[in-house]
There are 2 protein chains.
Amino acid sequence: MIKEFTSEDIEKLEKLYRAAFVNSLGGFKSVVLIGTTNSQKHENLAVFSSLFHIGANPALCGIIVRPSEVPRHTLNNILELKQYTINHITDSFYVNAHQTSARYDENISEFKEAKLTPEYIDSITAPFVKESKIKFACQLEQKIDLEINGTILLIGKIIYVSIPDNCLMTDGSVNLEAAKTITVSGLNSYHTTKKIGSLSYAKPATWPKEINL
Amino acid sequence: MIKEFTSEDIEKLEKLYRAAFVNSLGGFKSVVLIGTTNSQKHENLAVFSSLFHIGANPALCGIIVRPSEVPRHTLNNILELKQYTINHITDSFYVNAHQTSARYDENISEFKEAKLTPEYIDSITAPFVKESKIKFACQLEQKIDLEINGTILLIGKIIYVSIPDNCLMTDGSVNLEAAKTITVSGLNSYHTTKKIGSLSYAKPATWPKEINL
């Protein structure tokens with residue numbers, strides 16, 4: 001049986017039900033930990049599922065921040081120091097990652113509370129997550145207020161990447177499964193993945209072929 | 001061994017290598033087919049991996065469109081008629097979905113070329129993909145030009161949803177695995193998923209518990 005919803009049906013849904021529903025409608029999402037610090041060197045760590053690719057040259061990614069929700073310390077820190085780290089999550093610490101979404105006071109470090117380890121690399125001032133295999137740092141390039149619903153789009157330029165060499169394929173793609181990176185659906189369901197296949201560049205007169213990376 | 005990249009290293013990468021690298025750095029992504037039509041009723045279908053959640057009330061999602069790339073017909077159609085459908089992809093037609101990224105001429109239907117079936121539901125004027133289990137329609141609410149790299153953010157309001165009732169959980173979340181929805185990494189690698197667990201709402205003084213949905 002198929003269930004259908006109109007605009008009006010969605011608007012009438014109970015608030016938490018609607019949040020769970022709309023958050024999972026778009027399919028699987030990236031899930032990462034964003035590490036920041038402020039000028040008082042208070043470290044902050046928050047789980048995000050709104051990371052998306054914007055472009056490769058310059059290397060840009062976006063995140064959506066809802067000022068009224070938990071990652072507001074993350075937002076304040078990024079606006080203050082313009083730098084943040086993005087750290088992949090594996091199945092061995094996904095519960096720790098989820099715990100960073102609890103509403104801790106500003107002066108409490110989610111690293112400590114969620115039992116994760118801050119790590120500083122080179123000249124990057126924001127803390128990485130030592131437990132993460134794939135991690136990178138961004139510099140804030142642009143803040144766009146989405147007046148339609150009061151959220152904020154932060155666009156960052158990727159200024160540093162750390163990746164195990166066995167996760168980097170010959171064509172430049174990243175083997176996320178080799179890094180045990182997981183994915184999320186909705187607000188709170190975490191998943192591992194299994195590759196079906198990698199396909200050749202699509203052209204009009206042919207059919208995609210499976211390729212070995 | 002860990003491999004590190006600075007900004008300068010990323011800028012110096014060969015173009016296709018960099019595209020594969022940066023596109024897969026962010027982790028797993030949603031992958032969907034976007035169906036549109038124009039005023040001449042030419043149907044268009046294109047695979048997108050940039051869908052992201054913006055808010056639940058109103059129900060909003062975003063996509064990033066690169067005007068110079070294949071989905072330009074999709075962009076033109078959305079700007080003309082303000083409506084588009086978003087259709088989940090399963091492992092039974094992921095090769096067909098990938099084929100929609102070939103550079104077809106404007107008057108050619110990717111539905112036909114990729115062997116997928118257009119489906120019209122109720123008053124939605126844009127075509128859905130009959131083979132998709134979870135599908136929804138959006139009305140264009142806002143177009144934001146991202147001058148930083150010439151891409152465009154389209155924000156849509158979800159105005160219709162069709163979902164098998166066995167995929168809708170009691171809390172409103174969607175069981176994407178029951179719908180066989182897949183995920184993508186990078187430009188061309190497709191993956192099924194296996195749930196690790198769903199976790200309770202995080203609170204400071206406790207530790208997340210696994211919950212049954």
Query raised in the report: Taking the condition on the phi > 0 side of the Ramachandran plot and either of a type outside the set (A, V, I, L, M) or surrounded by fewer than 18 Cβ atoms within 10 Å (Cβ to Cβ) (or both), does A:Gly156 pass?
Result: no
Report task. Looking only at region A:87-109, decide whether some residue is more than 19 Å from A:Gly156 (Cβ to Cβ), in a strand (DSSP E or B) and modelled with pLDDT of 95 or more. Result -> yes
Requested in this report: Would you check if A:Ala97 is of a type in the set (Gly, Ala, Ser) and in contact with a Phe, Trp or Tyr (Cβ under 8 Å, 6 or more places away or on another chain)?
Outcome: no
Report task. Answer yes or no as to whether A:Leu81 is more than 24 Å from B:Ile89 (Cβ to Cβ), in contact with a strand residue (DSSP E or B) (Cβ under 8 Å, 6 or more places away or on another chain) and more than 7 Å from chain B (Cβ to nearest Cβ). Result -> yes
Query raised in the report: Inside region B:169-194, can you point out the residues that are touching a Phe, Trp or Tyr at 6+ places or on another chain (Cβ under 8 Å) and either within 18 Å of A:Val22 (Cβ to Cβ) or of a type outside the set (A, V, I, L, M, F, W, C) (or both)?
Result: B:Asp171, B:Gly172, B:Ser173, B:Val174, B:Leu176, B:Thr181, B:Thr183, B:Ser185, B:Asn188, B:Tyr190, B:His191, B:Thr193
**Report entry** Unmet requirement for A:Leu187, which otherwise passes all of (1) in contact with a strand residue (DSSP E or B) (Cβ under 7 Å, 6 or more places away or on another chain); (2) open to solvent by 40 Å² or more (accessible area, probe 1.4 Å); (3) closer than 19 Å to A:Lys29 by Cβ; (4) not acidic (Asp, Glu)
**Finding:** (1)
Report task. Return the residue satisfying two criteria in turn: it lies in region A:62-115 and is farther than 23 Å from A:Thr192 by Cα and of a type in the set (S, T, N, Q), and of such residues it is most open to solvent (accessible area, probe 1.4 Å). Result -> A:Asn107
Query raised in the report: Condition test on A:Lys130, is it basic (Lys, Arg), touching a Ser or Thr at 6+ places or on another chain (Cβ under 6 Å) and at negative phi?
Result: yes
Requested in this report: Report those strands (runs of 3 or more DSSP E) wholly inside region A:126-201 carrying at least 3 residues which are under 28 Å from A:His42 (Cβ atoms) and touching a Gly at 6+ places or on another chain (Cβ under 9 Å).
Outcome: A:135-146, A:151-164
**Report entry** Residue count for region A:1-56, restricted to those that are part of a strand (DSSP E or B), surrounded by fewer than 20 Cβ atoms within 10 Å (Cβ to Cβ) and more than 10 Å from every other protein chain (Cβ to nearest Cβ)
**Finding:** 1
Query raised in the report: If you go through region A:188-212 one residue at a time, how many are facing chain B (nearest Cβ under 7 Å) and either touching a Cys at 6+ places or on another chain (Cβ under 7 Å) or over 19 Å from A:Glu131 (Cα atoms) (or both)?
Result: 14
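Taking the residues in region B:99-112 that are touching a Pro at 6+ places or on another chain (Cβ under 7 Å) and over 16 Å from A:Lys209 (Cβ atoms) as candidates, determine which candidate is farthest from the other protein chains (Cβ to nearest Cβ).
Taking region B:99-112 as the starting set, the residues that turn out to be touching a Pro at 6+ places or on another chain (Cβ under 7 Å) are B:99, B:102-104, B:111.
Retained after the next criterion (residues that are over 16 Å from A:Lys209 (Cβ atoms)): B:103-104, B:111.
Details: B:Arg103: 6, B:Tyr104: 5, B:Phe111: 14 Å.
Of everything passing the filter in region B:99-112, B:Phe111 is farthest from the other protein chains (Cβ to nearest Cβ).
Does region B:123-145 contain any residue that is modelled with pLDDT under 95, facing chain A (nearest Cβ under 9 Å) and either open to solvent by 40 Å² or more (accessible area, probe 1.4 Å) or more than 30 Å from A:Lys143 (Cα to Cα) (or both)? Can you show your working first?
Of the residues in region B:123-145, the ones modelled with pLDDT under 95 are B:123.
Remaining after also requiring facing chain A (nearest Cβ under 9 Å): none.
Within region B:123-145, not a single residue is modelled with pLDDT under 95, facing chain A (nearest Cβ under 9 Å) and either open to solvent by 40 Å² or more (accessible area, probe 1.4 Å) or more than 30 Å from A:Lys143 (Cα to Cα) (or both).
The values are calculated or read from the model by the stated rules, or taken from the named source; none is laboratory data. Since this is a predicted model, take the numbers as computed values, not measurements. A quick note on method: Cβ atoms are made from the backbone with ideal geometry, for glycine too, and the neighbour counts reach across all protein chains shown. For the accessible areas, the whole protein counts, side chains as well, though only heavy atoms, and no ligand, DNA or RNA atoms are used. Shrake-Rupley method; radii C 1.70, N 1.55, O 1.52, S 1.80 Å.
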